[in-house]
Amino acid sequence: MGVLDLFRRGPQSVRPKARSSDDLFDDEFQRKLEMLALISRRVFAGRLRADRRSKKKGSGVEFADHRDYAPGDDFRQIDWGIYQRFGKLLVRLYEEEEDLSIYFIVDCSASMAFGNGRKFDQARRLAAALAYVGLANLDRVTIVGVTDQMVSRMPTTRGKGRIFKAFQFLRELEPGGATNLKDALETFVAQHKRRGLAVLISDLYDPAGFEGGINVLRYAKFEPYALHVVDKSDAHPGFKGDVMLYDCETGEERDVTVTPALLERINEAYGDYRSTIERYCVSRQVPYFAADIDMPFDELVLKVFRSGGFLR
Amino acid sequence: MELVGLPLSTLAAIGAGAAALTMLLYVLKLRRRPVAVPFSRLWDSVLRDRESSQLFSRLRRLLSLLLQLCLLGLLLFALGQPEPSAHASDGRHLVLLIDASASMKATDVAPNRLGVAKSEAKKLVQGLGPSDRLLIVELGAVPTPLSNMSGDAAELEPALEKVHASDTRADLERGLEFAADALRGLPNPEIILVSDGALGIPKELPSEVKNAALRYVPVGKSGKNLAITEFSVRRYPLDKSRHEALLEVTNTNDQPVDAELSIYGDGAVIETERLKLGPNERLPRVYPSLGGGGRKLEARVKYSNGQSDDLPADDHAFALLPERRRVRVLLVTTGNTYLEAALLLDEYLDVTMVAPNAYPPRDAFEVTIFDSVAPAPAKHTGSLLYINPPAAGSPVKIGKALEEFGFDTWDKKHPSLRFSAMGDIQVAAGNALVPGEGDQVVGASDEGAILVSGMRQGTRFVALGFDPRRSDFVLRVAWPLFVLGTVQHFVEEDTSYISSFTTGQVWNIPTPAVVESAKLVSPSGAEHVVPVKEGRAAHFGSEAGVYKLVAGDGTAQTAVEFAANLSDLEESKITPQATLSIAGQKTSAPSGFSSGPRREYWIMLLIAAIALSALEWLLYHRRVTV
């Protein structure tokens, strides 16, 4: 920073360096998608999912797999035999015999592009990977981009061969604008009458509160899935001294003297915020997964599978 | 505590300006660096809690301001150079006279007395009070100031290194007068003499000196010395290949000593002798008929047992014999055996004899002797000696005829008659001479002048009023002495030649050429340009040894050498004086000089300011004061 910058008044632009499309969904990425699809087939085995903790019950009663017990799960589904043998609480999973609509709601607000845009890239990769799995299992997949409104939509599609259409849609998404999940998802709900799994991929930095958006989905009988994109550097800003803070979405300014003690408290506040989100989701039986952008996307996807809520 | 640096009013003005600037910098806020955050609500929740700590934050900012103001105050205080009131009010004005006479070369203390004197003087300089001012003066034959009157040790200590001992006696009276002049009108005057006390003590103090306190720092511990206090040589007039030397060796101790005296000619020993000297004895020695060697003579004395005395500077002395050169003499005569015989005695005379009608010859001469003739003198035949001149052509008027007369009066110091007994000479007949204006009557009978010297048209002459063959003058030793003395007088090779000068005096050195200034090369190799007046170069000599005087330029350049010696019995008495009284006023030891490093309070203040600055830097980078 030069000396003149000290006297420059306005906030500086923080436009992310856009990753080229070829880097985002390259051959290596696509190979990993295939591997993830194969893993998911162990669950689907060419049939439609069943017994998802969905309001819309299917007729399938065939046992498919186990998953870790999560608070809020039905005690009746706990496999007590396994608990007796291994001391681990696992829940039995059953296949559903009906196709499913999966909606991927990607947050395109400016905060997703903060830093180097890694949150936004990771969100798009996760959306692509999960969409591929859904398409490969003949689910009806829809992808939408939201900010404080629904900014774009990929029409509902089905079949693995349509993944490139999804890639193209995700490539064309541009970050920017403020976040208002409640307003944006109200539009989404109004436009999509067919209920299904709604995967919200976002950093959940919503000045109006992250709860509004999730509640809109819940009240509209969707099955919300919160995929929280987490960048730890948000809790560790690399500056000190007298600064003028401004919000990258709202432009709200504030003069602050940043000290090591204050940074420590910011870190704590960030942790509290994440805990609040997780507690909220669990209490509402909304599957929640924190996707750290420092982890490889394939590992993240596998963890999503294991944590349940997406695959059964 | 008083401020001896910038005055309080100036400090106040500077302080007010600097404090205002500092306050302004604290009041003005720099534009803050804009920084983006992804979600400002996170910061809001934290900063809400911080609102309560704003007061403390402001206090910390105030602490930073106070630190800066303290720093500024310390710097201002340092500029004021605070000193304890006792120091500030006791400022003395001192003149430090450092004895630089020959006796200070004595080696009874290591490295020598002057070295110890410098060390003592250095202690005094380092012990000066903050308000003391000191002037360093080298006390030789002439007092020489070497510094300004200053309290700065960094200026005074280098001046001490410039003090060098000379081969002269110190003139304490002039030194005290100089010190009194320097201290006139100044408060708390003091004169400090650092010396061995072996110097001429004035009988009366200059009136201005009486107002100043006299301090004395003694140097030296013993005074064992053997000295050559006189040394002079001359050539024999009739045998210039031989010479004689006059020496005086002095034992300044209270014990008898055995000494060995040696005389060297151009570095080779030509005479040596063992001497026994009683307590404080001055032993004159004459060495006649010294031969061999060269022009440059050196006498050295030492103890027979090989020990050395405390002052080597007076253990040797130098002398130079006059130059031996051939003189061309023209004798115009019809024949005079006595005259010819007298001229034959000096082998350095090239005598040419011509008949009167052959005068003037073509060749040039330095001296011409007219025997009973007086032709018109030619310019190139030099000075003139008239023997029984006829009235026609004589430079002096020929007076009445005289019979049966002699030298009733004569000038014993005139070079023509020096060392001669003229009273018994009987003359049968001759003429009185009538001297002209400016002429000198060298010899006269009761009837009139018979020997006259003078100058005509730039040419010197001597005229004798009778024919020596008509007297018993030619049968006496005085005759050849008269002839040869007159010739040597004409060619400036007389017995008034000075074989060595004495240091500490103004020398008038005969120059070999007609010039207005000449170059003088001292024994140490230093070169000086000296003025020449009436054929003599004037120089104040302070160094013993052999000098070289060079006059003229290019091919006309000529040079002469001469010697200079300490030859000062008083300076050779080097017994140090533990106490000193000057004109009845007893001196005391210096006081009020603190040992150890000087307390410069402003340095401590500066260090404190730097420490505060470092603390402020640390606090800033630890974000304590921001």
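The values are calculated or read from the model by the stated rules, or taken from the named source; none is laboratory data. Computed from a prediction, not measured in an experiment: that's the story for all the values here. Every residue, glycine as well, gets a Cβ built from its backbone with ideal geometry; the counts of neighbours run over all protein chains shown.
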Query raised in the report: Does at least one position in the range A:208-222 carry a residue that is in a strand (DSSP E or B) and surrounded by 15 or more Cβ atoms within 10 Å (Cβ to Cβ)?
Result: no
Query - strands (runs of 3 or more DSSP E) fully within the range B:441-530 counting 1 or more residues that are in contact (Cβ under 8 Å) with a residue 24 or more places away in the chain and closer than 30 Å to B:Glu404 by Cα - result: B:448-456, B:459-464
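Table: residues versus (1) in contact (Cβ under 8 Å) with a residue 12 or more places away in the chain; (2) surrounded by 16 or more Cβ atoms within 10 Å (Cβ to Cβ).
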{"residue": "B:Asp309", "(1), (2)": "yes, yes"}
{"residue": "B:Gly335", "(1), (2)": "no, no"}
{"residue": "B:Leu339", "(1), (2)": "yes, yes"}
{"residue": "B:Asp346", "(1), (2)": "yes, yes"}
{"residue": "B:Glu366", "(1), (2)": "yes, yes"}
{"residue": "B:Ala376", "(1), (2)": "yes, no"}
Query raised in the report: Does B:Val442 satisfy being among the β-branched types (Val, Ile, Thr), in contact with an Asp or Glu (Cβ under 6 Å, 6 or more places away or on another chain) and crowded, with 20+ Cβ neighbours inside 10 Å?
Result: yes
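One line per residue, one yes/no per condition, for (1) closer than 27 Å to A:Lys160 by Cα; (2) at pLDDT 85 or above; (3) of a type in the set (A, V, I, L, M, F, W, C); (4) within 20 Å of the chain's Cα centre (by Cα):
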| residue | (1), (2), (3), (4) |
| --- | --- |
| A:Ala50 | yes, no, yes, no |
| A:Arg85 | no, yes, no, no |
| A:Glu98 | yes, no, no, no |
| A:Ser111 | no, yes, no, yes |
Query raised in the report: So B:Asn253 clears everything in (1) in contact with a Gly (Cβ under 7 Å, 6 or more places away or on another chain); (2) modelled with pLDDT under 90; (3) closer than 21 Å to B:Asp108 by Cβ except one condition, right? Which one?
Result: (1)
Query - Hits in the range A:190-207 - residues which are touching a Leu at 6+ places or on another chain (Cβ under 7 Å) and either without any contact (Cβ under 8 Å) to a residue 40 or more places away in the chain or assigned to a loop (DSSP other than H, G, I, E, B) (or both) - result: A:Gly196, A:Asp206
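Conditions tested, residue by residue: (1) modelled with pLDDT under 80; (2) of a type outside the set (S, T, N, Q); (3) not in a loop (DSSP other than H, G, I, E, B).
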{"residue": "B:Ser9", "(1), (2), (3)": "no, no, yes"}
{"residue": "B:Ala12", "(1), (2), (3)": "no, yes, yes"}
{"residue": "B:Gly15", "(1), (2), (3)": "no, yes, yes"}
{"residue": "B:Ala20", "(1), (2), (3)": "no, yes, yes"}
{"residue": "B:Leu42", "(1), (2), (3)": "no, yes, yes"}
{"residue": "B:Leu62", "(1), (2), (3)": "yes, yes, yes"}
{"residue": "B:Leu67", "(1), (2), (3)": "no, yes, yes"}
{"residue": "B:Val95", "(1), (2), (3)": "no, yes, yes"}
Query - Checking B:Thr511 against (1) buried (at least 17 other Cβ atoms within 10 Å of the Cβ); (2) within 23 Å of B:Asp167 (Cα to Cα); (3) at pLDDT below 85, the condition it does not meet - result: (2)
Query raised in the report: So is A:Asp255 within 12 Å of chain B (Cβ to nearest Cβ), farther than 30 Å from A:Leu130 by Cα and surrounded by fewer than 17 Cβ atoms within 10 Å (Cβ to Cβ) or not?
Result: yes
Report task. Would you point out which residue out of A:Val216, A:Val229, A:Val243 is in contact (Cβ under 8 Å) with a residue 60 or more places away in the chain and β-branched (Val, Ile, Thr)? Result -> A:Val229
**Report entry** Answer residue from the range A:258-268, given it is closer than 18 Å to A:Tyr246 by Cβ and assigned to a helix (DSSP H, G or I) and is farthest from the other protein chains (Cβ to nearest Cβ) among those
**Finding:** A:Leu263
Report task. Within the range A:202-249, track down each residue that is β-branched (Val, Ile, Thr) and within 7 Å of chain B (Cβ to nearest Cβ). Result -> A:Val243
Requested in this report: Find the residue count for the range B:201-240, including only residues that are under 24 Å from B:Asp309 (Cα atoms) and of a type in the set (Phe, Trp, Tyr).
Outcome: 1
**Report entry** Subset tally (residues that are of a type outside the set (Lys, Arg), more than 14 Å from chain B (Cβ to nearest Cβ) and in a helix (DSSP H, G or I)) for the range A:269-312
**Finding:** 14
Report summary line: Going through (1) over 21 Å from A:Leu300 (Cβ atoms); (2) crowded, with 23+ Cβ neighbours inside 10 Å one by one, A:Arg124 fails only at (1)
Report task. Mind telling me which of the residues B:Ile191, B:Ile201, B:Ile228 ends up being part of a loop (DSSP other than H, G, I, E, B), closer than 30 Å to B:Val109 by Cα and β-branched (Val, Ile, Thr)? Result -> B:Ile201
Report summary line: Screening B:Ala182, B:Ala227 for residues that are small (Gly, Ala, Ser) and surrounded by fewer than 22 Cβ atoms within 10 Å (Cβ to Cβ) leaves only B:Ala182
Query raised in the report: Which is outside any strand (DSSP E or B), under 24 Å from the mean Cα position of the chain (by Cα) and on the phi < 0 side of the Ramachandran plot, of B:Ala319, B:Ala313?
Result: B:Ala313
Requested in this report: Scan the range B:44-60 for residues that are among the aliphatic types (A, V, I, L, M) and at pLDDT 80 or above and jot them down.
Outcome: B:Val46, B:Leu47
Query - Any chance B:Leu331 is closer than 30 Å to B:Met353 by Cβ, in contact with a strand residue (DSSP E or B) (Cβ under 8 Å, 6 or more places away or on another chain) and in a strand (DSSP E or B) - result: yes
